[in-house]
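Read the structure below first, then the notes.
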Amino acid sequence: MRIRREIENFKPYILDEPKGVIFLNKNENPFDLPEELKSKLLDSMRKIPFNRYPDIVANPLREKLAEFLGLGVERIVVGNGSDDLIPYFIKIFEGDKVVISSPTFKMYEFFARLEGAEVLDIPLDEDFEIVDLEKHVDNVRVVFICSPNNPTGNLQRREKILKVLETGVPVVIDEAYHEFASENYLDLLDDFDNLIILRTFSKAFGLAGIRIGYAVANEEIISTILKIRPPFAMSSLSMKIGELMMDNYEIVKERVRFIIEERERIRNIFSDITYPSETNFLLMDVPAYDFLLERGIVVRKMDGRLSGKIRVTVGRREENDAFISALKDFLG
Ligand code: PMP
């Protein structure tokens with residue numbers, strides 16, 4: 001037995017969770033489902049035959065999403081989290097290079113390397129905006145644009161995205177955090193067959209543990225992904241939970257409103273060290289990772305170009321208060 005040598009260097013995540021009391025490090029929603037919704041859910045789960053396979057391509061959830069988004073079901077594919085779908089955007093197109101703009105979500109590069117693609121990094125500029133990606137489309141398989149971007153928190157501008165789309169090269173816009181943002185690019189799907197919008201139920205929907213993500217694109221892209229995706233990939237249980245959350249979207253909206261309010265509260269207190277954000281987290285220019293950890297508060301420590309900074313997920317009010325008070329102590 002011999003493990004492929006190049007895999008030894010694959011380590012997208014820190015596998016050991018630091019010890020802490022308050023976790024503001026994974027951009028999760030701080031709120032679980034309301035108790036009464038949870039019991040309703042458990043009742044409806046009793047009716048699911050556990051011995052039977054789920055729908056082969058997760059049609060119940062696709063249909064619900066189609067209705068929720070006002071789009072045809074043939075334009076939607078669902079996955080176990082949005083991470084689960086990223087490899088398919090790298091597998092299905094021709095071309096050698098996968099374009100990313102660092103600092104960004106690490107999994108695009110991870111899966112590109114795993115697929116043996118060449119990674120072309122055109123770094124974000126000093127305002128964390130994408131730079132002339134349309135000038136680098138030769139032999140490009142797919143371009144990943146994260147908007148709003150993790151970990152910097154900013155949206156990418158519509159006019160810059162249009163320029164990339166107009167080249168005809170496949171473009172994935174990862175909108176994992178769009179519910180917290182002032183703009184999204186779903187409407188561009190009408191004009192561009194080369195656009196894929198990737199979204200998740202892990203953030204605004206508060207279902208990180210349930211694992212639901214989806215992509216919307218033209219029918220040819222979706223049917224191609226379905227050709228090579230394992231059958232029965234989505235659990236009957238997670239589909240049910242996703243459907244229920246769409247039926248209760250007002251809860252999602254209310255929590256998004258709260259998180260945005262809290263985000264702006266924290267940002268105003270530390271305005272000189274905090275970047276603007278259109279997400280549920282804040283990038284802060286302060287090397288307080290170890291200090292906060294000693295207080296039991298776990299945030300994300302940034303590296304590379306962002307070293308010395310931290311990324312802090314907006315939590316519940318009392319968690320944010322604890323964070324604010326600890327950071328004030330750090331700053332003296
Ligand atoms: N895209 C971005 C930009 C993310 O930040 C994350 C999670 N941190 C994901 C995708 C993956 O989320 P999930 O697999 O839970 O849908």
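Side notes on the structure shown:
- Residues in the stretch 130-163 that are within 16 Å of the ligand (Cβ to nearest atom) and over 29 Å from L282 (Cβ atoms): 1 in all.
- Residue in the stretch 235-257 that is surrounded by fewer than 16 Cβ atoms within 10 Å (Cβ to Cβ), small (G, A, S) and farther than 22 Å from N27 by Cα present: no
- Filtered residues of the stretch 106-129 (kept if small (G, A, S) and either within 16 Å of the ligand (Cβ to nearest atom) or at positive phi (or both)): A112, G116
- For the criterion of being in the same structural domain as E243 (by TED's automatic domain parsing), surrounded by fewer than 16 Cβ atoms within 10 Å (Cβ to Cβ) and over 30 Å from G308 (Cβ atoms), E126 fails.
- Residue within the stretch 85-105 that is within 16 Å of the ligand (Cβ to nearest atom), among the charged types (D, E, K, R) and in the same structural domain as D193 (by TED's automatic domain parsing) present: no
- Applying the criterion of at least 3 residues that are under 21 Å from the mean Cα position of the chain (by Cα) and among the β-branched types (V, I, T) to the helices (runs of 4 or more DSSP H) found wholly in the stretch 224-332 leaves 249-269.
- Elements of type helices (runs of 4 or more DSSP H) in the stretch 25-116, at least 1 residues being touching a residue at least 24 places away in the same chain (Cβ under 8 Å) and among the small types (G, A, S): 35-46
The values are calculated or read from the model by the stated rules, or taken from the named source; none is laboratory data. None of these values were measured; they are calculated from a predicted model. Note that we place each Cβ from the backbone using ideal geometry, even for glycine, and neighbour counts take in every protein chain shown.
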